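The values are calculated or read from the model by the stated rules, or taken from the named source; none is laboratory data. Predicted model, so just to flag it, every value in this text is computed and none were measured. As a convention, Cβ positions derive from the backbone with ideal geometry for all residues, glycine included, and neighbour counts pool all protein chains shown.
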Amino acid sequence: MIEFCGIELAHPVINGSGCFDVLAARQCFGAELSEHFPFSAYVSKTVTLAPRDGNPPPRLWESAAGMINSIGLPNPGIERYLAEHLGEYATLGVPLITNVMGSSAEEFAELLRRLDDRAEVAAIELNVSCPNVATGLDIGADPRELRSLLDALRPLTRKPLIVKLTPNTADVAACASAAEDGGADAVSLINTLSAMALAPAGGGPWLGGGSGGMSGPAIRAVALAQVAKVAARVQIPIVGMGGVSSGRDAAALLEVGARLVAVGTESFRDPAAGPRIAAELAGLFTENAE
């Protein structure tokens, strides 16, 4: 067992927000999904106050050693999330971390108020870093803005607050420190790197949103460097992510200071990536202990 923000987890491998659709997976795997859930905690897709359709298609571009997405945070909004999705997530048998995003401190505050008394939610992750949503990027990239946001939000909930940091900033460690000073219980990083793809035959950007976020093995080295910088700056736990596709990738993030590791893009290639990576990581721990 591993402890994270007062939550007991079976192992240190969780999913990245938006990278494992429980509702779709349950249609494919049925009851087996709950019996053998692939992660030690489930992080929901981002939830906003009002429903969002997301960006227009095309939304994905396959790049060398990764992909660029311009999904745009489609979600049913907080009302439907609470009424229709929360109950199903509560049956997974692992702690639920709800990821939320607002375009202002007031929107974030309302989301926290709606979630604070829901026993199904073990922790809340604040998405201040999505490169597809300009207001989120502005808040997460500026330490002063981020500290101001946490000062406003911390008194509103008793639940652990995890701040998902943006890599698209001059000093990610300063942003992590601002989150810690504002009362965050943990930080998670890295989110996707701002990126663009052009249509092969010309004609401008390929993605419907114009630009998007790069993920996958291509960003692994960046994730490793940024997690190391943040770990040297803060005392609160870190969820490390970015290009994790094997137990050794996960072990590297733990080595530089992460407490947990999140799997994102690899789950699109291999839906069983979570348990495979957790098993590989456990095997490395066993080897090192011998």
- prompt: Can you tell me which residues in the range 43-94 are among the polar types (S, T, N, Q) and closer than 18 Å to Val121 by Cα?
  reply: Ser44, Thr46, Thr48, Asn75, Thr91
task: Can you tell me which residue among Asn191, Asn168 is of a type outside the set (Lys, Arg), closer than 21 Å to Asn55 by Cα, assigned to a loop (DSSP other than H, G, I, E, B) and in contact (Cβ under 8 Å) with a residue 60 or more places away in the chain?
output: Asn191
query: Going by the structure shown, is Ala199 within 23 Å of Ala252 (Cα to Cα) and loosely packed, with under 15 Cβ neighbours inside 10 Å?
result: no
message: So the check is Cβ under 6 Å with 6+ separation or different chains; which pairs have a first residue in the range 201-226 that's part of a helix (DSSP H, G or I) and a second one that's surrounded by fewer than 17 Cβ atoms within 10 Å (Cβ to Cβ)?
response: Pro217/Ala65; Ala218/Ala65
- line: Taking the range 18-58 and keeping residues among the hydrophobic types (A, V, I, L, M, F, W, C) and under 25 Å from Glu79 (Cβ atoms) leaves Cys19, Phe20, Val22, Leu23, Ala24, Ala25, Ala41, Val43, Val47, Leu49, Ala50
Index of the failed condition, Ala152 passing every other in (1) in a helix (DSSP H, G or I); (2) modelled with pLDDT of 95 or more; (3) surrounded by 23 or more Cβ atoms within 10 Å (Cβ to Cβ): (3)
task: Return yes when Ala273 is of a type in the set (Gly, Ala, Ser) and over 23 Å from Leu60 (Cβ atoms) and no when it is not.
output: no
